[in-house]
Amino acid sequence: MFTKISNVYDKALNWNDSGSLRLKCREVFSRGKICAGKSSYDSDSPSITVTTSEKVLVPGSKTDASASAIEESEVVEEVDPLAMEDDVEVESTEELFSSELISVDKNVDDEEETVSVNLVSEIGELEGARASNDLDAVKSGKAFRTTKRSIPPPGTGKKIYQIDPYLETHRPHLDYRFAQYKKMREEIDKYEGGLEIFSRGYEKLGFNRSTTGVTYREWAPGAKSASLIGDFNNWNPNADVMTQNEFGVWEVFLPNNADGSSPIPHGSRVKIHMDTPTGIKDSIPAWIRFSVQAPGEIPYNGIYYDPPEEERYVFQHPRPKRPKSLRIYEAHVGMSSTEPKINTYAEFRDDVLPRIKMLGYNAVQLMAIQEHSYYASFGYHVTNFFAPSSRCGTPDDLKSLIDKAHELGLLVLMDIVHSHASNNVLDGLNMFDGTDGQYFHSGARGYHWMWDSRLFNYGSWEVLRFLLSNARWWLDEYKFDGFRFDGVTSMMYTHHGLQMAFTGNYDEYFGLATDVDAVVYLMLVNDLIHGLFPEAVTVGEDVSGMPTFGIPVQDGGVGFDYRLHMAVADKWIELLKKRDEDWQMGDIVHTLTNRRWSEKCVVYAESHDQALVGDKTIAFWLMDKDMYDFMALDRPSTPLIDRGIALHKMIRLITMGLGGEGYLNFMGNEFGHPEWIDFPRGEQHLPDGRVIPGNNNSYDKCRRRFDLGDAEYLRYHGMQQFDQAMQHLEDRYGFMTSQHQYISRKDEGDRVIVFERGDLVFVFNFHWTTSYSDYRVGCLKPGKYKVVLDSDSKLFGGFNRIDPDADYFSMEGMYDNRPNSFMLYTPCRTAVVYALVD
């Protein structure tokens, strides 16, 4: 977008004699905020108003017929300060704004100096430099320069029919879905200036500090009156009364104190006091950026979080590039300590991140980041969507954790919850303005009976602003590298996937049960994320198998990079309840490979779901109570332990080898963490008189015993070593993303599975007693093969029945439909990987 800015900025911008730009003061543009048309936010008290008759172009758009233009009238633009060193000369604008975030033209016309500012994405934001207020960092090359970011226009949405011709039978539904998406994009362009601006709602709503004071805005159309209360005004509801505009947005501006300090001190408790259709209520602001629970209190308090510059964390390391193969370590910061306590962001940063790197994972997925008042909800009943969980530390502590992960080369994915919200009224969004239909559907459609939570109305304009801005907030402010979207199946269908057994029939996906508004939201949020952050990763938790889920939006898909392959974990639990003799090799292979072509999956043998109380981990299913007494190496093992350790390794390797293009493991499960997760909880008295016993609010089962995996005198250590070797094998060969995959054998009699992925040959012998010598397996390429991973190695708690130095030479001739083959020894309950040696 280009606009004309007059001499009002002379104090900020000045040209020296050589024509280069000199920054004369500490206040230069950081962001531009545009309000026009349908926007609910007309002005800011401290804003600078510029009147122009020129068209203002949407960021990233073109000056052709397809470009959207904001009305040719008054444009209200707020310029926030970007603190920089005084009187620093920059030889060219490209040196400062290398990615064309700001372009400056010198025009002299009738003694008027004008500047054209290209507001593409975030104006003038240089990662690191903005946070550190250090222009010298930019000149020295130490600041992290952003690339030009824009959201591409919608495509045709027709490629899905080339990818899957069977979709033609449901073309009316799919074309309607894409038309609704395009219509929403056009509406956002027309009334909000584009998706890029629309997704920066946090720059208008909630608390925003300017040079002259603090502006607080809240969308609460059902409220009759509103005022801002808190420690700063002694909770006086008559002190800072808010005014409402025609869009239901309440606003109040608090000027700075006489000494220039903020009218609301950092760390103050704040709430919005409202007269609503259901009575007077004090609520935490919906866009609050930090909230805490005071000792002895149940509801949370909103906190005005605006620390002084010297206390703000400064990012030091750029985001890593997205890896070709994604190996995710799923983690919960609070329960990541070996001690029975709530762990902190700082302790996770120092103790757990190096462990994840050592194990060979290249991404960490953090659960329970968004604030949730009920700890035992595992973070899935979110109360404050823009606030990181205060149980583990401050927002700056979280930033430090993410920066450390980036230093280690780890992506940081966030388990984001946009599928539902906490039912809490006092500290959540439920009944925020006294009505049940503000953020959520009214009535039964807005309530999830199984989760006891509220369901968003994805067709609401302001709900879209809230959720899209929320996704961008975590990427922009905290430098997350992407998301795992929770509960996507619940979003996409009006039945929420409850009591529904998906068979793969396309009628189940494209019909009246599909919530098109929710699917359109998912398309928009993927559009936003991939447009502004091309390296970002999105993973969707979908159990239904929705076709087009992992196809780009412009091609007609929903837009996720990966689908979470949830059926695999269920299959392993199903098999573990059976005898070994009842396991079917074809059934295992089918489950692992039953995924849509061209749509990538993240697979897992078990996640946090299987570790919760009431369920069992794979290790616990396999070894049960023997884990308590027979895991020490100085004690004799038992048949149950031997079987359990062997199958634990095999299950994980075949899952990674065949199940997807990405892999996930929940923390501690790599070494067979004993027992289950049981969050601290008290006794519950139900309305019908029943009592659900608690656990005395104990943290004993709400921690991770990493010390068990590290103890070389325990059998857990061998299991951990195997998982580490498995991750490093994938890192070396990249077999999960290899285009070559061929299953040459699934022998029900021998209980043997053989497959190729890349240049590797995987051989699994699931037989419980029979080992095979001179066993012939097929392969594609001729040559010499060597063992590169052996689950039976003594290092991994095995019996050392395979010679690690043996050479295996292929023979020509068709075998198992392969042009070559070689002979080997495959002991019972082992998995061995062979690599072609150049």
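The values are calculated or read from the model by the stated rules, or taken from the named source; none is laboratory data. Here the structure is a predicted model, which means the values were calculated and not measured. Counting neighbours? That spans all protein chains shown, and the Cβs are built from the backbone with ideal geometry, glycine included. Note: areas computed on protein heavy atoms with side chains; ligands, DNA, RNA excluded. Shrake-Rupley method; radii C 1.70, N 1.55, O 1.52, S 1.80 Å.
Summing +1 for each Lys or Arg and -1 for each Asp or Glu among the other residues whose beta-carbon sits under 11 angstrom from that of residue 325 gives +2. The simple Förster model, with R0 at 25 Å and r as the Cβ-Cβ distance, assigns residue 309 and residue 245 a FRET efficiency of 0.15. A straight chain from residue 675 to residue 162 at 0.36 nm per residue would run longer than the Cα-Cα distance by 179.8 nm. Distance between the 7 Å Cα→Cβ label points at residue 794 and residue 407: 3.9 nm.
If R0 is 45 Å, the Cβ-Cβ spacing of residue 258 and residue 632 corresponds to a FRET efficiency of close to 0.05. Model label sites at residue 502 and residue 612, defined 7 Å from Cα along the beta-carbon direction, differ in position by 1.9 nm.
Just so you know, the Rg over Rh for the stretch 255-315 is 1.06, from Cα atoms, with Rh as the Kirkwood radius.
Taking amide H positions as modeled 1.01 Å from N, with prolines and chain starts lacking one, no residue 5 or more places away or on another chain lies under 5 Å from residue 770.
For the stretch 206-285, with all protein chains in place and a probe radius of 1.4 Å, 48% of the accessible heavy-atom surface sits on carbon or sulfur. In this rough spin-label picture, where each label sits 7 Å from Cα along the Cβ direction, the residue 697-residue 643 distance is 4.3 nm. Would you work out if the stretch 206-285 is rounded, prolate or oblate? Take a ≥ b ≥ c from the square roots of the eigenvalues of the alpha-carbon gyration tensor; rounded if a/c is under 1.5, else prolate when a/b is larger than b/c, oblate otherwise. Here the stretch 206-285 falls in the prolate category. Full extension of the chain between residue 450 and residue 739 yields a length gain of 100.0 nm, computed as 0.36 nm times the residue separation minus the alpha carbon distance. Which FRET efficiency value, to the nearest 0.05, is calculated for residue 781 and residue 593 with the Förster distance at 22 angstrom and r the Cβ-Cβ distance? After rounding, the FRET efficiency stands at 0.55.
Let me check something: with ligands and nucleic acids excluded, how do 626, 759 order by accessible area (1.4 Å probe), largest to smallest?
759, 626
I want the local charge near residue 638. Using Cβ-Cβ distances under 15 Å, sum +1 for each Lys or Arg and -1 for each Asp or Glu among the other residues.
Computed value for this residue: 0.
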